[in-house]
Number of protein chains: 2
Amino acid sequence: MTELPKTRVAVVGAGFSGMSAARKLHQAGIDVRVLEARDRTGGRIWDPLLEDGRTVLLGGQWIAKKQTRMWTLGEEFGLTPFTTVRTGDMLVGTNPGAFRIPQKLPDDIELDMVISELETMAETVPVDAPWNAPNALEWDTQTLHTWIINRGGPELLRKMDNAIMGYMSLPEDVSLLHALFYTRANGGFGSLFSMGDENAHDTHVFAEGAQRITEGIYNELDNRVHLNCPVYAINQNKEGVHIEGGSFSLEAERVIVAMPPALCARLHFKPSLPAARNLLTQRTHMSGRGAKFVLMFTKPFWRENGLCGIYVSETGTVTIAIDATPDHEKWAVLAGFVSDKGSGKDLMDLTQDDRESAIIELLSSAYGEQIREYVSYHEHDWAGDDLSRGCVTVFSTSAWTSYGSALRKPVGRIHWAGTETATEFPGQMEGAVRAGERAAGEVLAKYLG
Amino acid sequence: MTELPKTRVAVVGAGFSGMSAARKLHQAGIDVRVLEARDRTGGRIWDPLLEDGRTVLLGGQWIAKKQTRMWTLGEEFGLTPFTTVRTGDMLVGTNPGAFRIPQKLPDDIELDMVISELETMAETVPVDAPWNAPNALEWDTQTLHTWIINRGGPELLRKMDNAIMGYMSLPEDVSLLHALFYTRANGGFGSLFSMGDENAHDTHVFAEGAQRITEGIYNELDNRVHLNCPVYAINQNKEGVHIEGGSFSLEAERVIVAMPPALCARLHFKPSLPAARNLLTQRTHMSGRGAKFVLMFTKPFWRENGLCGIYVSETGTVTIAIDATPDHEKWAVLAGFVSDKGSGKDLMDLTQDDRESAIIELLSSAYGEQIREYVSYHEHDWAGDDLSRGCVTVFSTSAWTSYGSALRKPVGRIHWAGTETATEFPGQMEGAVRAGERAAGEVLAKYLG
């Protein structure tokens, strides 16, 4: 059992939120130490460097210029944002096979009306207190699925599923109120789900990988980040906080827990947290739609065939694939996601080699035989990763209205960060940074009086 | 770090499920060790003995004769089941105040029809595989709340809430499919929710407290139960299982994890569990309607006033109170539950003394001033208890149909017990015992196979 040097503020989690919190405290001259379960920083952002100089972006990667904190951090750490080419037709998978459609879809009046209706509803949801929306109770007692079915039946559900909400979660997994909160806090449906649109939140990618930012902060923090240190228990009393892992302990004055709510719930707390906090974290869960694969090529061959590289499927093992080729074009990239439902779930039961073969087989029936000329295949099953257990957090029915006020409320010496606690861009890297800086601000206020 | 003696089978959790599993293995001559985070056995059953000889039943307490394993265990350990007197009027709280109604409510044709409809639906749900119900997808994508509102609007919801479903959870917290599964697996609505009915599952109580059973098994197991040993991590490989806590480690050949799914999710696993298991446990949560209080008296004064002792309220801080006086009548008991919503939630923010005063104040306006003659007040906030975090487990929408098959499926050397994994009487002590014995049977089959 190693006793780490006593610190003023401990931060649990070296993802974007925890590292942003630690950086802000460190810059303010407050002694801080970060405890991280993994052997790397970045959390759900993971961009390993290959020996030949290529970078594989295996986790969250998309940002937008309006995400000002991320944009600035990119500049500070010398990263190069690029915009992906989005000209050409899309592929719609028929499993196997696919047909081509223009990327600019013909207007669907019903869909436009429904989205406009949801936008109007979303505008009534206060992002800092969704439970205060005038219709909060009505919307939090039903799933998004129920609302869509009541509004337009299975046909509307089919249209909306992958095209619009699939990005976040499945409509049956999520409270309608949460879907509206998430939409508004991220700048509206147009911003969240219109791939290639200028207003979208996914217009840019850092060519070097966003993880370079948390690695940069790691260096700034000068040996104050402890990797391979999973935290198991947080005990607090009048004097301070005692943090325990399997192989270490750490004394601090305060602690910022920078993990998704569902993972915060893994920790043991003494004294117990208030009931509302315990009940809230159990009513959030992480989307399983995040088994990501990356196929790398020498060139984006699909562009020569008049394709933009986007593949979508409502029924297949691969939900979506997208061109993520950096604009230096030293290599080309198709990034895709495997569904965790139906046939996609079966795919996840295969060995990695068999899964690779099955994905190539499926995509060859859509992109053509050239797909077989890929240089390398990479993947990460975020839901099967014990330290993440999924991708984007969603709130189950009744979580916000019953216990939402416990989300950010400090408990004694414990403060809560994590992208889920953000009121702007929750679920994104941008939200993580803002939430981390907000939590650091809470702690600073205690010291600055 | 204490290294405990290597064992064949480790059991995590000394509640009814874990202790039943351990007992079955021990009786079969298999070396077993139980690891328990608390300083006592029993889990969500906790029946402390007072110095003057009284027993306070602070957790689950009700059983029925048809719960054959519990009935037999009671006999084996010399416990005395009693039936509570249920004659007299009920009180319906108006906060403050109350009015009296006959305990045998007049027939409500609408309510009877709805319950009959739900029973018919429930009969189509296979208890061992709810996802195979013909309408599983339709029922698992909506909350019970949605179904009730669609069926009969807010008026029906009001009728059903506390009277029928409140016992399990709030209708907005639970998938309709789960409510149907839970109902069927517990013998139908009549069995679950008809207080005082002969067919109900709550006809009897062990006067000495059911916890005496797990204490009895503790003695049988002869120093093989390790209290104050919270498990943090389970690592497995071809040779066996390595279990880690803060202060101990244990090597075993196999492990039975006997905790609610939401608490299983607290553990660290190496290698990672399959995605489906991680996603399932996050989609279950524990009901917060379990802050229980016990008021003890010298005699059940309410009976003299023509009351059966039952108090129900749809809006108040106290959801329900009930006569739980043992038939030896050496003392009298009112057991009650504090709601975790609305004004009940505020009540939980008070100190214990202030909460006691508030409850007495409220109940005096219902039962009359004699309530102030209570001998002692006891309570336990199960949702605010770090090691339980709630009461009865419910499944959120889409949990069963997306990932239900991961509930009992062993993962390598890890087997799953806990009342939630029972196909008969889940959520009850009886389900816990049956699930524990089923898991022990799985392990035995490996050795005898």
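One residue is enough: does segment B:383-401 have a residue meeting the conditions at pLDDT below 95, farther than 19 Å from B:Val255 by Cβ and of a type in the set (Phe, Trp, Tyr)? No, every residue in segment B:383-401 fails to be at pLDDT below 95, farther than 19 Å from B:Val255 by Cβ and of a type in the set (Phe, Trp, Tyr).
Whether any residue in segment B:304-311 is within 14 Å of chain A (Cβ to nearest Cβ), surrounded by fewer than 24 Cβ atoms within 10 Å (Cβ to Cβ) and more than 25 Å from B:Tyr447 (Cβ to Cβ) is what I want to check. No, segment B:304-311 contains no residue that is within 14 Å of chain A (Cβ to nearest Cβ), surrounded by fewer than 24 Cβ atoms within 10 Å (Cβ to Cβ) and more than 25 Å from B:Tyr447 (Cβ to Cβ).
Residue count for segment A:366-384 satisfying the condition of being within 30 Å of A:Pro230 (Cβ to Cβ) and more than 12 Å from every other protein chain (Cβ to nearest Cβ): 3.
Looking only at segment B:24-69, residues that are modelled with pLDDT of 95 or more, outside any loop (DSSP other than H, G, I, E, B) and surrounded by 14 or more Cβ atoms within 10 Å (Cβ to Cβ) come to 10 in all. Across segment A:293-304, not a single residue is classified as within 20 Å of A:Ala21 (Cβ to Cβ), out of contact with any Lys or Arg (no Cβ under 6 Å at 6 or more places or on another chain) and hydrophobic (A, V, I, L, M, F, W, C).
Being under 30 Å from A:Ala399 (Cα atoms), more than 8 Å from chain B (Cβ to nearest Cβ) and crowded, with 24+ Cβ neighbours inside 10 Å is the requirement here; does A:Ala258 meet it? It is true that A:Ala258 is under 30 Å from A:Ala399 (Cα atoms), more than 8 Å from chain B (Cβ to nearest Cβ) and crowded, with 24+ Cβ neighbours inside 10 Å.
Taking the condition of a type in the set (Asp, Glu) and modelled with pLDDT under 95, does A:Glu110 pass? Even if it seems obvious, please write down each step before you answer.
Values: of a type in the set (Asp, Glu): yes; modelled with pLDDT under 95: yes.
When the stated conditions are applied, A:Glu110 passes them.
Being more than 10 Å from chain B (Cβ to nearest Cβ) and in contact (Cβ under 8 Å) with a residue 12 or more places away in the chain holds for only one residue in A:Leu350, A:Leu387, A:Leu363, and it is A:Leu363.
From the list A:Leu362, A:Leu334, A:Leu295, A:Leu347, the lone residue that is buried (at least 20 other Cβ atoms within 10 Å of the Cβ), over 20 Å from the mean Cα position of the chain (by Cα), in a strand (DSSP E or B) and not β-branched (Val, Ile, Thr) is A:Leu295.
Name the single residue that is farthest from A:Leu280 (Cα to Cα) among those in segment B:315-348 being in contact with a strand residue (DSSP E or B) (Cβ under 8 Å, 6 or more places away or on another chain) and of a type in the set (D, E, K, R). Give the derivation first.
Filtering segment B:315-348 for residues in contact with a strand residue (DSSP E or B) (Cβ under 8 Å, 6 or more places away or on another chain) gives B:315-328, B:331-340, B:344, B:347-348.
Next cut, of a type in the set (D, E, K, R) only: B:323, B:327, B:340.
Working: B:Asp323: 32, B:Asp327: 40, B:Asp340: 12 Å.
Once the filter is applied, the top-ranked residue is B:Asp327.
If you go through segment A:19-64 and keep only what is out of contact with any Ser or Thr (no Cβ under 9 Å at 6 or more places or on another chain) and on the phi > 0 side of the Ramachandran plot, you end up with A:Gly29, A:Gly53. Looking across segment B:278-289 at every residue that is at the interface with another protein chain (Cβ under 9 Å from one of its Cβ atoms) and not in a strand (DSSP E or B), the one that is farthest from B:Thr397 (Cα to Cα) is identified as B:Gly288. Name the residue that is surrounded by the fewest Cβ atoms within 10 Å (Cβ to Cβ), counting only residues in segment B:213-246 that are without any contact (Cβ under 8 Å) to a residue 24 or more places away in the chain and away from chain A (no Cβ under 14 Å). Only one residue fits best here, namely B:Lys238. Checked across segment A:197-205, the condition of being part of a helix (DSSP H, G or I) and modelled with pLDDT under 95 holds for no residue.
The single residue among A:Glu155, A:Glu110 that is more than 27 Å from B:Asp161 (Cα to Cα), touching a residue at least 24 places away in the same chain (Cβ under 8 Å) and not small (Gly, Ala, Ser) turns out to be A:Glu110.
Screening B:Pro134 on (1) under 21 Å from B:Ile322 (Cβ atoms); (2) surrounded by fewer than 15 Cβ atoms within 10 Å (Cβ to Cβ); (3) touching a Ser or Thr at 6+ places or on another chain (Cβ under 8 Å); (4) not hydroxyl-bearing (Ser, Thr, Tyr) shows it passes everything except condition (1).
Considering only residues in segment B:263-273 that are crowded, with 19+ Cβ neighbours inside 10 Å and touching a helix residue (DSSP H, G or I) at 6+ places or on another chain (Cβ under 6 Å), the one that is nearest to the other protein chains (Cβ to nearest Cβ) turns out to be B:Ala265.
Only a single item in (1) within 14 Å of chain A (Cβ to nearest Cβ); (2) in a loop (DSSP other than H, G, I, E, B); (3) among the polar types (S, T, N, Q) is not met by B:Thr325, and it is number (1).
Filtering segment B:239-265 to residues that are of a type in the set (D, E, K, R) and not in a strand (DSSP E or B) leaves B:Glu239, B:Glu253.
B:Glu172 meets each of the listed conditions (1) free of Cβ contacts under 8 Å to residues at least 12 places away in the same chain; (2) within 22 Å of the chain's Cα centre (by Cα) apart from (1).
The values are calculated or read from the model by the stated rules, or taken from the named source; none is laboratory data. Bear in mind the structure is a predicted one, so any value in this text is a computation, not a measurement. Because the Cβ atoms are built from the backbone with ideal geometry, glycine has one as well, and the counts that use them run over all protein chains shown.
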